[in-house]
1. Checking the condition modelled with pLDDT of 80 or more, out of contact with any Lys or Arg (no Cβ under 8 Å at 6 or more places or on another chain) and either of a type outside the set (Asp, Glu) or surrounded by fewer than 14 Cβ atoms within 10 Å (Cβ to Cβ) (or both), which residue from LEU332, LEU324, LEU241, LEU296 passes?
2. Looking at PHE205, is it of a type in the set (Phe, Trp, Tyr), farther than 15 Å from VAL84 by Cα and free of Cβ contacts under 8 Å to residues at least 40 places away in the same chain?
3. Considering region 233-244 alone, what residues qualify as being within 15 Å of GLU278 (Cβ to Cβ) and either in contact (Cβ under 8 Å) with a residue 12 or more places away in the chain or polar (S, T, N, Q) (or both)?
4. Among the residues of region 184-201, write down those that are modelled with pLDDT of 90 or more, outside any loop (DSSP other than H, G, I, E, B) and open to solvent by 30 Å² or more (accessible area, probe 1.4 Å).
5. Does ARG209 satisfy the condition of being open to solvent by 70 Å² or more (accessible area, probe 1.4 Å) and over 26 Å from the mean Cα position of the chain (by Cα)?
6. Within region 101-127, restricting attention to residues that are open to solvent by less than 60 Å² (accessible area, probe 1.4 Å) and part of a helix (DSSP H, G or I), which residue is modelled with the highest pLDDT?
7. Listed residues ALA182, ALA147, ALA188, ALA140; which is touching a residue at least 40 places away in the same chain (Cβ under 8 Å) and more than 23 Å from PRO232 (Cα to Cα)?
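The values are calculated or read from the model by the stated rules, or taken from the named source; none is laboratory data. If you're wondering where the values come from, they're calculated on a predicted model, not measured in any experiment. Methodologically, a virtual Cβ is constructed for each residue, glycine included, from the backbone with ideal geometry; neighbour enumeration extends over all protein chains shown. SASA here: full protein model, heavy atoms, side chains in, ligands and nucleic acids out. Shrake-Rupley method; radii C 1.70, N 1.55, O 1.52, S 1.80 Å.
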Amino acid sequence: MAKRKRLSPAPAFEIPDPLAGSGGLETKAMNGWVGTRAPIADVAGDAARQAAFEEVSAELQSARAEGRMVLRLPLDVVEADHLVRDRVAVDGDDMASLMDSLRDRGQQTPIEVVDLSDGRYGLISGWRRLMALQELQAEAPDDPRFAQIQALVRAPDSAPDAYRAMVEENELRANLSFYERARIAVKAAEEGVYDSPKHAVQSLFSSVRRAKRSKILSFTDLVELDDHLSFPAAIPEKLGLALVAEMRSTPGFAQGLIRALDQAAPIASPAEERKVLEQSLRSPGKAAQGTPKEQLAEGLELRGQAGKVTLAGPRVDDALVADLRAWLLDRL
């Protein structure tokens with residue numbers, strides 16, 4: 001009886017390992033033949049990955065440049081005085097509320113900055129948030145929540161654009177006083193950003209009503225008192241407009257007002273300062289007496305400024321007045 005031929009066992013079959021080797025997939029066939037993926041496939045895969053990486057990188061750079069990416073910046077790289085700020089006073093209760101919110105919920109709205117290069121950034125808007133985080137960091141220097149600030153990088157086309165961005169954000173988020181609005185217009189003009197305070201008001205507050213813009217322009221006259229006022233942001237609209245009207249109509253009133261403010265210093269509260277301003281309005285002639293005077297001779301005193309000259313004293317008689325009139329007519 002013929003013996004049945006035994007079949008030899010087949011060679012072991014190995015499952016392809018997608019992670020084997022460094023150059024694509026490796027496979028082993030039943031007959032032991034070993035093959036690798038065609039080189040063109042590797043090149044195509046690498047090119048696709050590089051293209052995808054470059055696309056993502058370009059999008060991230062574009063988002064950052066266009067202000068669509070929120071960055072986390074150390075507080076000390078943000079220069080708060082990059083622009084002249086429009087806010088001259090911060091309400092204590094408002095700042096306390098903001099700090100409480102930052103403690104409880106963190107920063108919800110990014111500030112806006114401009115890249116100054118060398119790792120420095122200039123603040124455009126968000127001054128209160130920056131100040132609040134600095135206060136919190138001082139209170140808790142080891143708390144990482146207060147070591148950085150969220151920011152959007154802007155690229156304004158010009159200095160006026162940067163100032164407008166600051167003003168527009170505060171117009172929406174904060175109740176600036178007429179004095180603060182007028183002051184930023186004056187300071188922007190002094191910085192050479194605008195030709196004049198009037199031009200600055202027209203540009204920075206172009207979106208507000210015409211009547212309001214006119215009041216802001218009137219308040220620019222009060223900014224000449226800036227160094228003598230302790231609480232200028234607290235000057236009410238009606239009082240400020242009345243002061244401007246008196247300054248424009250009464251020669252020497254502004255100088256007298258400055259003298260009254262300096263004599264009352266130090267002023268401890270907005271109410272105390274308002275009292276000094278209101279008293280000057282009730283007696284504008286007294287305030288105007290701040291006009292500088294000069295003793296020309298015994299019995300003859302000169303007090304003068306642009307728009308008004310006064311001679312006083314016993315030596316002012318009819319003969320002196322006649323001589324003065326003749327001299328003036330000859331000079332003119």
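1. Values: LEU332 fails: modelled with pLDDT of 80 or more; LEU241 fails: out of contact with any Lys or Arg (no Cβ under 8 Å at 6 or more places or on another chain); LEU296 fails: modelled with pLDDT of 80 or more.
Result: LEU324 is the single residue among LEU332, LEU324, LEU241, LEU296 that is modelled with pLDDT of 80 or more, out of contact with any Lys or Arg (no Cβ under 8 Å at 6 or more places or on another chain) and either of a type outside the set (Asp, Glu) or surrounded by fewer than 14 Cβ atoms within 10 Å (Cβ to Cβ) (or both).
2. The answer is yes for PHE205.
3. Residues of region 233-244 that are within 15 Å of GLU278 (Cβ to Cβ), as a first pass: 234-244.
Correct list: ALA234, ILE235, PRO236, GLU237, LEU239, GLY240, LEU241, ALA242, LEU243, VAL244.
4. PRO197, LYS198, HIS199
5. Numbers: open to solvent by 70 Å² or more (accessible area, probe 1.4 Å): yes; over 26 Å from the mean Cα position of the chain (by Cα): no.
Answer is no for this residue.
6. Per the criteria, the residue is LEU102.
7. Numbers: ALA182 fails: more than 23 Å from PRO232 (Cα to Cα); ALA188 fails: more than 23 Å from PRO232 (Cα to Cα); ALA140 fails: touching a residue at least 40 places away in the same chain (Cβ under 8 Å).
Result: ALA147 is the single residue among ALA182, ALA147, ALA188, ALA140 that is touching a residue at least 40 places away in the same chain (Cβ under 8 Å) and more than 23 Å from PRO232 (Cα to Cα).
For every residue, the table says whether it meets (1) within 30 Å of ALA264 (Cβ to Cβ); (2) in contact with an Asp or Glu (Cβ under 7 Å, 6 or more places away or on another chain); (3) of a type in the set (A, V, I, L, M, F, W, C).
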residue: ASP161; (1), (2), (3): no, no, no
residue: ALA165; (1), (2), (3): no, yes, yes
residue: GLU168; (1), (2), (3): no, no, no
residue: ALA182; (1), (2), (3): yes, no, yes
residue: HIS199; (1), (2), (3): no, no, no
residue: GLN202; (1), (2), (3): no, no, no
residue: LEU222; (1), (2), (3): yes, no, yes
residue: ASP226; (1), (2), (3): yes, no, no
residue: PRO236; (1), (2), (3): yes, no, no
